[in-house]
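Data first, discussion second: the structure below is written as structure tokens.
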Amino acid sequence: MDDMTLITGLALCFGFYMAWNIGANDVANAMGTSVGSGALTLRRAVLCAAVLEFAGAFFVGMHVTETVRKGIIDTDLFANDTTNFMLGMLAALLAAGAWLQLASYFGWPVSTTHSIVGAIVGFGVVYKGIDAVHWGQIAGIVSSWVVSPLLAGFISFVIFRVLHKQIFRSDNPVIAAKRLTPFLVFLVFVILSFVMIFKGLKHLNLDLPLGQATLVACGVGLIAAVISAVLVRLLKNEGLAIPVQAYHESSVSRALRKARKHLRRIKHQTDDAYAVEATELLQNLDDLADKINREQEEKSKEQPQLSAQASQHAAVERIFVYLQILSACFVAFAHGANDVANAVGPLAAVMATAKEGVIAAQSTVDYRILLLGGAGIVFGLATWGWRVIETIGRRITELTPTRGFAAEFGAATTIVLASKLKLPISTTHTLVGAVLGVGLARGLSALNLNTIRDIVISWVVTLPAGAALAIVFFYTLKLFIGS
């Protein structure tokens, strides 16, 4: 096997590995708050995100990509050394993927873009020295650690406080929510349309002026608002009022029923030693189920029904479930379209260089590479995506559909503003900041400060970790290829 065949084979493997880790870590940006609030079960969120992420990556993912992401290093430096350039891209893919896998294992939501940028910086410095890196770009990335969460947190804080005042403090929260829903739907579709135009579909080179983009977004928002107004009028208040307590109790009952079912299967399909242990565990679960049932009966005697206010609040949350799922779907599609470039960019660069023998500033992305990237994202989401979803959805602060909606809407608004103001932001940092803002709206005690500390440390470590791993992998690859 010659070196070029080996390099292209490794590029495909490492590209898929990077895409797998993008799915495992970054897709929580779209679905984490929906799962945390209970708007979607983990299984439904994974299925929904899988379809939309793949569709975004494959159908509207970038077909022409920068050879080196974010212009961090100058490709002219490698004009006479294509082999080392390709090895550097391989090392960057493997390093970024390895760091993302480690972060996903611990449930840390980190930026995939920063991971690949850090890896490319490490390769550039070790091969051509400090001057090979455009440090101004790095300064912009570092500033995004502050800009992204602060801006998103502030916007989400304001959105949640407005919703709380206009809906939950009104005399009839359900009527207030139904009255505000068409306006909220209009705003959601306007902002998400901007997200799609400026971020998700930017690779289609639509190049719409701001005025035209605004007209398109407002038109989409107006149509959606009219439809929602009709649907809201058809909703009956009684059908919306689903007691939150009953919902959680039924979830516990379902989980216990499934656990007992699996233990009975183990009991009947294993030998005597395991059967005895399964029987003991089954007895413990039966006792737990009886205890929960007795407690529920006692509560039902003490509180025959939820208070009118609690019932109204549960109905409001039910309305916001649909808004949150809608925004999550938009974000998932836009993410697949945009961030698949972190995997296919270096991969396409290696493939084009191996084929043409020269390094270009940009390279064409074959549809098969997009297919590989989309499949990798879906595979990563399905296997390890739950880890970071758990962190964003449940470990930072307690979320409900209204809080989750405020966080997602705040994050989407931040992305649009930053895109037009050319502010350096990270989608991951933006969403985490939005969740923090919603939590702060209820006081500092509503936040899990230990989780926040771990997340911030992982953000700071991402760039140097990617760089260090890239250096190690670059020299390792050189031992076997091109030496």
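Observations
- Scanning segment 317-362 for residues that are among the polar types (S, T, N, Q) and not in a helix (DSSP H, G or I) yields a single hit, Gln362.
- Residue in segment 66-83 that is at pLDDT 85 or above and under 28 Å from Leu10 (Cβ atoms) present: yes
- Residue in segment 289-298 that is modelled with pLDDT of 85 or more, part of a helix (DSSP H, G or I) and either farther than 30 Å from Ala95 by Cβ or of a type outside the set (Ser, Thr, Tyr) (or both) present: no
- For segment 76-93, residues that are surrounded by fewer than 24 Cβ atoms within 10 Å (Cβ to Cβ) and over 14 Å from Ala352 (Cβ atoms) total 7.
- Lone qualifier among Val195, Val158, Val185, Val162 - being modelled with pLDDT under 85, under 25 Å from Gly439 (Cα atoms) and either in the same structural domain as Val321 (by TED's automatic domain parsing) or within 27 Å of the chain's Cα centre (by Cα) (or both): Val195
- Meets criteria (of a type in the set (A, V, I, L, M), over 28 Å from Asn21 (Cα atoms), in the same structural domain as Gly439 (by TED's automatic domain parsing) and part of a helix (DSSP H, G or I)) for Val147: no
- Within segment 100-118, the set of residues being part of a loop (DSSP other than H, G, I, E, B) and closer than 13 Å to Met18 by Cα comprises just one member, Ser111.
- Answer residue from segment 374-390, given it is over 14 Å from the mean Cα position of the chain (by Cα) and under 16 Å from Leu100 (Cβ atoms) and is surrounded by the fewest Cβ atoms within 10 Å (Cβ to Cβ) among those: Thr383
- Inter-residue pairs, beta-carbon under 6 Å, first within 14 Å of Ala98 (Cβ to Cβ) and in segment 461-483, second assigned to a helix (DSSP H, G or I) and of a type in the set (Lys, Arg), 6+ apart: none
The values are calculated or read from the model by the stated rules, or taken from the named source; none is laboratory data. Quantities reported herein were computed from a predicted structural model and do not represent experimental measurements. FYI the Cβ positions are ideal-geometry reconstructions off the backbone, even for glycines, and counts take in every protein chain you see.
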